[in-house]
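Note sheet for the following structure.
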Amino acid sequence: MPLTFRQPASTCVGLDIGKTAVRAVQWRREHDRFSLRAVSVRSLRLETDGDRESERPMAEIVRTCVRDGEFGRRNLPVAINSPDVEFHTLELPSAVLDAPREEVQQVLRAELQRLVDTSIADWECRHWRLPPTGGPGPSVMAANAKRESVLQSLALCDATGVSCRRIDAGATALTRFVGLLCHWPTDAVVGVLDIGHAEARLILCIDDTPVLIRRVGHGGAEWTRRVAESLQLSQKAAELHKREHGIAAVNTDDRSTSASRTNREVAAIILGSLRPELREVAAEIKRSYEYVLSCYRDHKAGDLVLTGGGALMLNLPELFSDQLGITVRRASDYLESETCRLRYSATQRQAIEVLATATGLSMEPRSL
């Protein structure tokens, strides 16, 4: 009688340490789908005590986040993000990639050293093969993480009192997350635009494999600064207006009540202040799609999924869809589809867009 192994009832706890918050999430496995088991979020913003501001140690914040989440299996994968990790596509012969691991690493490091200005002696290098292009094109993606950042992540876990399951990259975690949202066509190039606090990152995938990962623009902090300058407001007030009004909708008429006209006027000002940035982001996304499609000529442009806090801005998907000519949707727009493997209610306190990286981290690589 063959042996069978029961899958764990719950995933591990995905821990996403961002620029503004620490997020931890765990999912309950139900056959091939997942329902939310526990989630915990702690802000990294300074706490105000009268006129004084204090900042808690990171280890204390992480410890509180994990402890209060009532998680099981407290062995955590931790992500390293840009600029502490870089990604490069390389064109290497199959014979090189089929060699023993040590030899492959030597060739990769030599090729990577030619591409960067600084020494990579203190960087950890990993790689994965890319789908065959059918002609000239990249064959491997290399991920380089600063060894110091890896050690800092391990030290943080030790100080927090949890076990580090693995060191991952936020970009690859997002790939696993998007793979849960839909049964994507095998001939589609699916994109993820993660709009975080510091930057907007684009990940293009084929068959659940990231084939391009790059920065395409500034993140929410710079957007808020530009809105503050346009409206002549404080950063805090500008952030509130950005969240409440978003940007002006594209392709709409002017019929509205006086109250909605006021809202639209504010949204139009916000759009005006962000238009150069959003136009440049769209241009970078378009160039990235065109490059990948030139390598994979039998593929077509698929959806672009928006994640991160910046994805919640009103009318942003519609603007990018209009500029790019492809379907652009927030991650939450897929939750009700029949092929979505996540069971997550739209009434949950935390938007799934801000839990995307933590969710991807909670899933085992190559095991979905």
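The values are calculated or read from the model by the stated rules, or taken from the named source; none is laboratory data. Bear in mind the structure is a predicted one, so any value in this text is a computation, not a measurement. Note: ideal-geometry Cβ built from the backbone for every residue, glycine included; neighbour counts use all protein chains shown. With ligands, DNA and RNA removed, areas are computed over all heavy atoms of the protein, side chains included. Shrake-Rupley method; radii C 1.70, N 1.55, O 1.52, S 1.80 Å.
Looking only at residues in the stretch 319-344 that are over 29 Å from Ala267 (Cα atoms) and out of contact with any helix residue (DSSP H, G or I) (no Cβ under 6 Å at 6 or more places or on another chain), which one is least open to solvent (accessible area, probe 1.4 Å)?
In the first step, residues of the stretch 319-344 are kept if they are over 29 Å from Ala267 (Cα atoms); the result is 337-344.
The next check asks that each one be out of contact with any helix residue (DSSP H, G or I) (no Cβ under 6 Å at 6 or more places or on another chain); those that pass are 337-339, 343.
Values: Ser337: 40, Glu338: 160, Thr339: 63, Arg343: 99 Å².
Here the residue is Ser337.
Quick one: count up the residues across the stretch 100-127 that are surrounded by 14 or more Cβ atoms within 10 Å (Cβ to Cβ) and of a type in the set (A, V, I, L, M, F, W, C). Residues flagged as surrounded by 14 or more Cβ atoms within 10 Å (Cβ to Cβ) and of a type in the set (A, V, I, L, M, F, W, C) within the stretch 100-127 amount to 7. As a summary of the residue check, Ile285 satisfies the conditions (1) open to solvent by less than 10 Å² (accessible area, probe 1.4 Å); (2) modelled with pLDDT under 95 except for the one numbered (2). Just to be sure, is Val104 assigned to a helix (DSSP H, G or I) and touching a residue at least 24 places away in the same chain (Cβ under 8 Å)? Judged against the criteria, Val104 is not a match. The requirement of being in a helix (DSSP H, G or I), in contact (Cβ under 8 Å) with a residue 24 or more places away in the chain, in contact with a strand residue (DSSP E or B) (Cβ under 7 Å, 6 or more places away or on another chain) and open to solvent by 20 Å² or more (accessible area, probe 1.4 Å) is fulfilled nowhere in the stretch 258-272; no residue meets it. Is it the case that some residue within the stretch 19-34 is exposed (fewer than 14 other Cβ atoms within 10 Å of the Cβ) and modelled with pLDDT of 90 or more? So far as the stretch 19-34 goes, yes, one or more of its residues are exposed (fewer than 14 other Cβ atoms within 10 Å of the Cβ) and modelled with pLDDT of 90 or more.
Filter the stretch 80-90 down to the residues that are closer than 22 Å to Ala198 by Cα, open to solvent by 20 Å² or more (accessible area, probe 1.4 Å) and assigned to a strand (DSSP E or B) and list them by number. Before you say what the answer is, go through the steps one by one.
Step one: filter the stretch 80-90 for residues closer than 22 Å to Ala198 by Cα, giving 80-88.
Next, from what is left, pick out any that are open to solvent by 20 Å² or more (accessible area, probe 1.4 Å): 81-84, 86-88.
Selection gives Glu86, Phe87, His88.
Looking at Gly219, Gly191 in this structure, which one is surrounded by fewer than 24 Cβ atoms within 10 Å (Cβ to Cβ) and at pLDDT 95 or above? Step by step, each of Gly219, Gly191 is checked, and only Gly219 is surrounded by fewer than 24 Cβ atoms within 10 Å (Cβ to Cβ) and at pLDDT 95 or above.
When the residues of the stretch 145-166 are narrowed to those that are surrounded by fewer than 14 Cβ atoms within 10 Å (Cβ to Cβ), among the small types (Gly, Ala, Ser) and touching a residue at least 24 places away in the same chain (Cβ under 8 Å), which ends up farthest from Val78 (Cα to Cα)? Per the criteria, the residue is Gly161. Consider only pairs whose beta carbons are under 6 Å apart and that are at least six residues apart or on different chains; among these, list those whose first residue lies in the stretch 80-99 and is over 30 Å from Gly219 (Cβ atoms) and whose second residue is open to solvent by 70 Å² or more (accessible area, probe 1.4 Å) and part of a helix (DSSP H, G or I). Note: no pairs meet the criteria. Scanning the stretch 340-365 for residues that are among the β-branched types (Val, Ile, Thr) and at pLDDT below 95 yields a single hit, Thr347.
Taking into account only those residues within the stretch 167-180 that are in contact with an Asp or Glu (Cβ under 9 Å, 6 or more places away or on another chain) and not polar (S, T, N, Q), which is most open to solvent (accessible area, probe 1.4 Å)?
Taking the stretch 167-180 and keeping what is in contact with an Asp or Glu (Cβ under 9 Å, 6 or more places away or on another chain), we get 167, 170-171, 173-176, 178-179.
Going one step further and asking which of them are not polar (S, T, N, Q), we end up with 167, 170-171, 173-174, 176, 178-179.
Working: Ile167: 63, Gly170: 0, Ala171: 1, Ala173: 0, Leu174: 0, Arg176: 27, Val178: 6, Gly179: 19 Å².
My answer is Ile167.
Run down Asp208, Asp253 and say which single residue is open to solvent by 10 Å² or more (accessible area, probe 1.4 Å), under 30 Å from Met363 (Cβ atoms) and modelled with pLDDT under 95. Break it down into steps so the answer makes sense when it comes.
On the way: Asp253 fails: under 30 Å from Met363 (Cβ atoms).
Residue meeting the stated conditions: Asp208.
Is it the case that some residue within the stretch 313-330 is more than 17 Å from the chain's Cα centre (by Cα), among the aromatic types (Phe, Trp, Tyr) and outside any helix (DSSP H, G or I)? Step through it out loud before you land on a result.
Here is the first cut: in the stretch 313-330, the ones more than 17 Å from the chain's Cα centre (by Cα) are 314-315, 318-327.
Next cut, among the aromatic types (Phe, Trp, Tyr) only: 320.
When the remaining residues are screened for being outside any helix (DSSP H, G or I), the result is none.
Checked against the condition, which is being more than 17 Å from the chain's Cα centre (by Cα), among the aromatic types (Phe, Trp, Tyr) and outside any helix (DSSP H, G or I), the stretch 313-330 yields no hits at all.
Filtered by the rule that a residue be closer than 22 Å to Val328 by Cα and among the hydroxyl-bearing types (Ser, Thr, Tyr), the stretch 225-254 gives a lone residue, Thr252. Between Thr186, Thr209, Thr224, the distinction of being under 19 Å from Asn315 (Cα atoms) and of a type in the set (S, T, N, Q) belongs to Thr224 only. Only residues that are without any contact (Cβ under 8 Å) to a residue 24 or more places away in the chain and not β-branched (Val, Ile, Thr): list them for the stretch 112-126, please. If the condition is that a residue be without any contact (Cβ under 8 Å) to a residue 24 or more places away in the chain and not β-branched (Val, Ile, Thr), then Gln113, Arg114, Asp117, Ser119, Ala121, Cys125, Arg126 are the ones that fit.
For the stretch 288-312, what are the residues that are surrounded by 20 or more Cβ atoms within 10 Å (Cβ to Cβ), in a loop (DSSP other than H, G, I, E, B) and of a type in the set (D, E, K, R)? Listed by number, the list is empty, since nothing qualifies.
Kindly evaluate Glu53 against the criterion of being exposed (fewer than 13 other Cβ atoms within 10 Å of the Cβ), more than 21 Å from the chain's Cα centre (by Cα), assigned to a loop (DSSP other than H, G, I, E, B) and at pLDDT below 90. Explain how you work it out, then say what you get.
On the way: exposed (fewer than 13 other Cβ atoms within 10 Å of the Cβ): yes; more than 21 Å from the chain's Cα centre (by Cα): yes; assigned to a loop (DSSP other than H, G, I, E, B): no; at pLDDT below 90: yes.
Judged against the criteria, Glu53 is not a match.
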